[in-house]
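Below: the structure, in structure tokens.
The values are calculated or read from the model by the stated rules, or taken from the named source; none is laboratory data. Bear in mind the structure is a predicted one, so any value in this text is a computation, not a measurement. All Cβ positions, glycine included, derive from the backbone under ideal geometry; neighbour counts span all protein chains shown.
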Amino acid sequence: MLVIPAIDIRHGRCVRLYQGKEEQETVYWKDPVEMASIWVSRGAKRLHIADLDGAFQGRPANLDKVERMRKVIEIPIQIGGGFRSIESIHAAFQAGASRVILGTAAVYNPSLVAQALESYGEAIAVSIDVSEDFVAVAGWKELSTMRFDDLVVRMKSLGVKHLLFTDTRKDGTLSGPNLQAIQLFLKAAAGTSVTVSGGISSVDDVIALREYEAQGLNAVIIGKALYDNKLTLEEALKVSGN
């Protein structure tokens, strides 16, 4: 199971939000590019970039940071936040991203997902951000009327091979992952590669999530727990089996 550090970028800085709320922001590092180098030095094999400005604005706003990261690190970089046109997806790959993650577009513009898959195949992933049983969109500011399991089925029918699950109520809370919801998601997502995030707060959480590898859980994204020193990346990597 791969452990992926998260770098959430807002107003040019590395931050974390509590349950995605703009007004509950903690700034952890001034330069996200420097933060990327730190995670690589500690053993990261992939980085997850959340372009929060992009998610809120509806278009990517921090591709320049990805371009700068690519100049100083060699590991894969995946990025999500505001990708709602094929042009923005092209721009992300040109900047050096290894994977682009679509979210809101999966709900409101599935044809864009199909177009992106045709151009980039498995370098495209879809993030399904869940609140109760429904999918949150537009930087989690809106709750769609689509159930998460229905969206999973739709994305699988398009040929999506990589899905991300986030419980928005758990994100940034350090309260532990929602194991029941993760099990339901993995059941619906059978046959795809699933990455999980939201609430991971300890080495024990990482160990617990390893139990679901056989069901398709291949990676976990960890943010606040690393920044608040609830666990170290080295500890997470050690118990992850990767």
Yes/no for LYS170 being under 26 Å from ALA36 (Cα atoms) and not small (Gly, Ala, Ser): yes
Residue in the range 20-33 that is modelled with pLDDT under 90, outside any strand (DSSP E or B), of a type outside the set (Phe, Trp, Tyr) and surrounded by 16 or more Cβ atoms within 10 Å (Cβ to Cβ) present: yes
Matching residues in the range 74-103 - criterion: being β-branched (Val, Ile, Thr) and farther than 20 Å from VAL15 by Cβ: ILE75, ILE86, ILE89, VAL100
Options ALA181, ALA190, ALA236; residue that is in a helix (DSSP H, G or I) and surrounded by fewer than 22 Cβ atoms within 10 Å (Cβ to Cβ): ALA181
Every pair of residues 6+ apart whose Cβ atoms lie under 6 Å, when the first sits in the range 229-242 and is without any contact (Cβ under 8 Å) to a residue 60 or more places away in the chain while the second is surrounded by 16 or more Cβ atoms within 10 Å (Cβ to Cβ): LYS230/SER201; LEU231/VAL203; LEU231/ALA225; GLU235/VAL203; VAL239/VAL203; VAL239/VAL206
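One line per residue, one yes/no per condition, for (1) within 25 Å of ASN218 (Cβ to Cβ); (2) touching a residue at least 12 places away in the same chain (Cβ under 8 Å):
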position	(1), (2)
SER41	yes, no
ASP64	no, yes
ARG68	no, yes
GLY81	yes, yes
VAL100	yes, yes
ALA106	yes, yes
SER119	yes, yes
Only listed residue being touching a helix residue (DSSP H, G or I) at 6+ places or on another chain (Cβ under 6 Å) and either closer than 19 Å to GLY241 by Cα or in contact (Cβ under 8 Å) with a residue 24 or more places away in the chain (or both), chosen from LEU179, LEU186: LEU186
Qualifying positions in the range 211-236 - more than 18 Å from the chain's Cα centre (by Cα) and more than 24 Å from ARG154 (Cα to Cα): GLU211, ASP228, ASN229, LYS230, LEU231, THR232, GLU234, GLU235
Residues that are surrounded by 24 or more Cβ atoms within 10 Å (Cβ to Cβ) and not hydrophobic (A, V, I, L, M, F, W, C), drawn from the range 63-82: GLN78, GLY80, GLY81, GLY82
